[in-house]
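Here's the structure, in structure tokens; my notes come after.
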Amino acid sequence: MSTTTNKIWLSSPHMGEGEFAFVKEAFETNWVAPVGPHLNGFENDLQAYTGVSHAAALSSGTAALHLALIILGIERDDVVLCQSFTFCGSANPIVYQGATPVFIDSESDTWNMDPEALEEAIKNSLAKGKKPKAIIYVHLYGMPAKVNEIQAIANEYEIPLIEDAAEALGSRINGVPCGNFGMMSVFSFNGNKIITTSGGGALLSQDQAYIKKARFLATQARDAAPHYQHSQIGFNYRLSNVCAGIGRGQMQVLEQRVQQRRANLTFYKEIFANVPGITFQEESAGSYSNYWLTAILIDLAQAGFSAESLRLALEKENIESRPLWKPMHLQPIYAEYPYYGANTSEYLFSNGLCLPSGSNLSTSDKNRIKETILLHISR
């Protein structure tokens, strides 16, 4: 194989046929601002798909989390419990508010927040006279977390739960779509997600007042007046009507994209079927993952190769793969913050790899990937 061949991306945008019609309509009707019929329509689409009553389409998933914390009244020196094994967008909004993130390890089943470590962190925080103000947990790579256990703990200690479903649109728990399992929930529509709006996100809640407040804050918190008047700090966080048009077209093919991503998992399981030391991120009882990314763990002693050596072999053939998320408590900017748990997330980071998982992988793409992996395995 040659490195001059086209690059196979980890997860590239995948356009359907309906997106352009919505975007064209936005241009033809001059609705190109962060307001308009596609914005309303996209929010309605999200509500209908998830069964959550209210949604605000925003500029990013990070913006949605930031607004959720503001709505909950998170302020300087408050404590917010956050999954450590995640993208920094889950944690950064905590610091935007001047609050203190406390990081929670993962459990080895779903790779998401460990309920036991969560409860330990809560008890220790209470013992210090500091009740946590919120919990942010994540459905990593689209894999549903242990929601029942996490919800039970949040309810017992009366701590608001924010569901970071940025990667989990299309995933379900006992038939209920992700996005339904927090006081507020967040989605991301970044270019690499299962559907995209070029960049964007959404905040959802069954509580209308929360979403009304989110829309107000996302449009610079402009007071009701004929002139521009502001009684509190707002943000420029609203999604544009043009990008929302892309989202409306993407929603039409969401279920197809989920099936294509799940087919990627089957593809990789067949490749590694007879290779010792390879394990996949697996669904637990009652959960259904969109498998946004197919992720594996590689036991060097059993497999005879490491996650990093496979990543480099793929990179040599112009195929993108990526290590699993580096835990937040290992990041230089968060190294001094509290952390509860063992070393599960550290083990996952050291031994895991995300494989090319785009819903637009062609047959020739898959053949290149398979050939490269099998060649590396045989060495």
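Laboratory data are not the source of any read-out in this text; all were calculated from the coordinates shown. Just so we're clear, the structure is a prediction, and the values are computed from it rather than from any experiment. No Cβ is skipped: glycine too gets one built from the backbone with ideal geometry, and neighbour counts run over all protein chains shown.
Rounded to whole numbers, the Karplus 3J(HN,Hα) couplings from phi for the range 234-247 are x, 9, 9, 10, 7, 6, 7, 5, 5, 5, 5, x, 4, x Hz, using 6.51 cos²θ - 1.76 cosθ + 1.60 with θ = phi - 60°, and x at Gly and Pro. The Cα center of the range 103-140 and the Cα center of the range 254-325 differ in position by 27 Å. From the coordinates of this entry, Cα extents along the principal axes in Å is computed, and it appears in (i) 57, 55, 52; (ii) 70, 60, 37; (iii) 69, 50, 47 under the label (ii).
Considering only 193, 146, 123, the Gaussian network model of the chain with Cα springs below 10 Å gives its largest mean-square fluctuation to 123.
Let me know the shape class of the range 13-52, please: from the alpha-carbon gyration tensor, a ≥ b ≥ c as square roots of the eigenvalues, rounded when a/c is under 1.5, otherwise prolate if a/b is greater than b/c, or oblate. Judged from the Cα gyration tensor, the range 13-52 comes out oblate (a/c at least 1.5, b/c at or above a/b). Of all DSSP-defined beta bridges confined to the chain, some 60% are antiparallel rather than parallel.
Given the pairs 128/212; 24/316; 131/326, which span a C-alpha to C-alpha distance of over 30 angstrom in this model? Walk me through the numbers before you get to the answer.
Numbers: 128/212 35 Å; 24/316 40 Å; 131/326 27 Å.
Flagged as over cut-off: 128/212; 24/316.
In terms of other Cβ atoms within 10 Å, 314, 10 run from fewest to most in the order 10, 314.
Among 181, 103, sorting on how many other beta-carbon atoms sit within 10 Å of each Cβ, with the fewest leading, yields 181, 103.
Taking the number of other C-beta atoms within 10 Å as the exposure measure, put 212, 133 in order starting with the fewest. Don't skip to the end; give the middle numbers.
Working: 212 14, 133 20.
By the 10 Å Cβ count, ascending, the order reads 212, 133.
Shape of the range 175-259 from the C-alpha gyration tensor: oblate (a/c of 1.5 or more and a/b not above b/c, with a ≥ b ≥ c the square roots of its eigenvalues).
Full extension from residue 284 to residue 148: what is 0.36 nm times the residue separation minus their Cα-Cα distance, to one decimal in nm? Working shown, then result.
Details: separation 136, 0.36 × 136 = 48.96 nm, distance 1.21 nm.
Answer, rounded to one decimal: 47.8 nm.
Kindly provide log₁₀ I(q)/I(0) values, in the same order as q = 0.18, 0.23 Å⁻¹, from the Debye equation applied to equal alpha-carbon scatterers of the range 254-378. Here the Debye-derived log intensity ratios amount to -1.03, -1.41.
Per residue, the average separation of C-alpha pairs within less than 8 Å and at least 6 apart gives the range 187-343 a relative contact order of 14 percent. If a/c stays under 1.5 just call it rounded; otherwise compare a/b with b/c (prolate if a/b is bigger, oblate if not). Do that for the range 28-172, with a ≥ b ≥ c from the square roots of the Cα gyration tensor eigenvalues. Prolate.
Quote the relative contact order of the chain in percent (integer), defining contacts as alpha-carbon pairs under 8 Å separated by 6+ residues.
On the way: 846 pairs, mean separation 93.0, N = 379.
Normalised by residue count, the contact order of the chain is 25 percent.
Positive contributions from Lys and Arg (+1) and negative ones from Asp and Glu (-1), summed over other residues with Cβ under 14 Å from the Cβ of residue 49, come out at 0. Were the residues from residue 207 through residue 28 laid out at 0.36 nm apart, the gain over their Cα-Cα distance would be 61.0 nm. Ranked by the mean number of other Cβ atoms within 10 Å of their residues, highest first, the peptides 34-44, 243-253, 351-361 come out as 243-253, 351-361, 34-44.
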